[in-house]
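Every number in this text was worked out from the coordinates using simple rules, so none of it is lab data. As the structure is a computational prediction, the values presented were derived from the model and not from experiment. Every residue, glycine among them, receives a Cβ derived from its backbone with ideal geometry; neighbour counts consider all protein chains shown.
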Amino acid sequence: MAFSLPPLAWRALQLFGALFLLYGALRFLEWKMIYFPRVEIEATPDVLGLKFEDITFITEDGVKLNGWWIPHAQARGTLIHCHGNAGNLGHRVELAAHLHGLGVNVFLFDYRGYGKSRGWPSERGLACDARAAYEFVRAQYEDDEDPPILLHGQSLGGAVAARLALEKKVRGLILESAFTSAPDMARQLYPGLPLHRLLATRYDTLDHVTHLAIPLLIAHSPADELVPFEMGRRLYAAAAQPKQFVALAGGHNDGLWTPDYERALHTLLAHTLGPASK
């Protein structure tokens with residue numbers, strides 16, 4: 001005898017199935033709006049004359065990641081860079097050279113799903129990735145109770161770096177072109193639509209910085225066409241001292257370091273890591 005559900009139960013099952021499909025579609029759309037990974041590595045630091053080591057490391061949840069360790073002969077510490085939501089390491093070669101020029105080792109890594117890193121990106125996953133990157137660098141200072149480590153985050157990487165700064169011992173945090181939260185960005189990009197109410201992803205940089213007790217440098221361009229300058233100002237206003245805010249130049253993806261920003265970087269590094277070797 002064939003089994004059949006009562007009409008009311010059948011309609012309830014159909015409704016549940018439709019809601020499940022809708023939820024899945026919303027989460028997929030959310031993922032597509034946030035992450036823009038590229039697999040092909042188009043350039044490496046050696047194109048700018050930088051020696052580097054190609055590093056493979058594993059996250060706490062077993063995902064294999066790829067990173068670049070760029071040592072400095074007279075390093076006063078190490079700067080970990082958390083990149084934005086698009087591209088991969090190959091699009092950060094010039095930035096790596098600028099950071100290396102500050103007199104530090106630089107460790108850049110690709111989140112899961114980016115470049116040669118395995119897996120699929122998510123908010124929880126990127127947090128795991130950042131912790132794994134930190135542990136790799138921390139191992140270079142295994143005998144140091146206060147490792148000379150700074151964090152540098154751009155755009156979405158600002159949220160990743162700010163969260164990591166709450167979870168791990170670092171001497172300072174640098175945020176470039178960072179947003180306040182994912183829901184705030186949804187309001188900015190899709191005004192008039194209630195997408196901010198539907199997001200499961202938070203990336204709440206604003207909340208993270210309010211709980212920090214380390215030196216903080218925030219840089220943002222008034223000409224940023226994607227993440228409003230005002231978001232950078234809100235992050236600065238919410239943070240405790242010691243903190244500094246400086247202006248960048250140019251747009252979101254082609255921002256330029258200003259002389260004021262370079263001076264602020266050198267001041268922060270001198271304060272947290274000591275003077276550069278001559």
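Observations, loosely collected:
- Distance between the range 208-260 and the range 50-85 - C-alpha centres, whole angstrom: 24 Å
- Remark: the range 69-75, residue by residue, has Karplus-estimated 3J(HN,Hα) of 9, 10, x, 10, 4, 10, 5 Hz, where x stands for each Gly or Pro and the curve is 6.51 cos²θ - 1.76 cosθ + 1.60 at θ = phi - 60°.
- Annotation: lysines with alpha-carbon distance below 26 angstrom to K32 (same-chain offsets under eight excluded): K64, K116.
- Between V47 and A139, the simple label model (points 7 Å from Cα in the Cβ direction) yields a spacing of 2.9 nm.
- Distant-in-sequence amide H partners of D224 (H built 1.01 Å from N, under 5 Å): F229
- Calculated FRET efficiency for the pair E60/L198, C-beta based, R₀ 22 Å, to 0.05: 0.15
- Computed from backbone phi with θ = phi - 60° and the Karplus coefficients 6.51, -1.76 and 1.60, the 3J(HN,Hα) list for the range 168-181 is 10, 7, 9, 8, x, 9, 10, 10, 10, 6, 8, 9, 6, 6 Hz; x is used for glycine and proline.
- With each label modelled as a point 7 angstrom along the Cα→C-beta vector, the L226-R187 pair spans 2.1 nm.
- The phi torsions of the range 255-269, fed into the Karplus equation with coefficients 6.51, -1.76 and 1.60 and a -60° offset, translate into couplings of x, 10, 5, 8, x, 4, 5, 4, 5, 5, 4, 5, 5, 4, 5 Hz, rounded to whole numbers, with Gly and Pro shown as x.
- Here r is the Cβ-Cβ distance between T258 and A86 and R0 is 22 Å; the resulting FRET efficiency, rounded to 0.05, is 0.40.
- Label separation (H98 vs E167): 2.7 nm, computed from points 7 Å beyond Cα along the C-beta direction.
- Only DSSP H runs of four or more residues enter the estimate; each adds -39500 (n - 2.57), and after division by the residues of the chain the mean residue ellipticity at 222 nm equals -12000 deg cm²/dmol.
- Look at the dipole of the range 139-234 built from charges on Cβ: of L206, A139, G172, the Cα furthest out on the positive end belongs to L206.
- Cα gyration tensor category, rounded, prolate or oblate, for the range 155-278 with a/c compared to 1.5: oblate
- Toward the positive end of the charge dipole of the range 38-273, with +1 on the Cβ of Lys and Arg and -1 on the Cβ of Asp and Glu, the farthest Cα among A162, H266, A247 is that of A162.
- Computed magnitude of the charge dipole of the chain (debye, nearest 20; Cβ of K, R +1, Cβ of D, E -1): 640 debye
- The range 38-273 shape via C-alpha gyration tensor axes, a/c threshold 1.5: rounded
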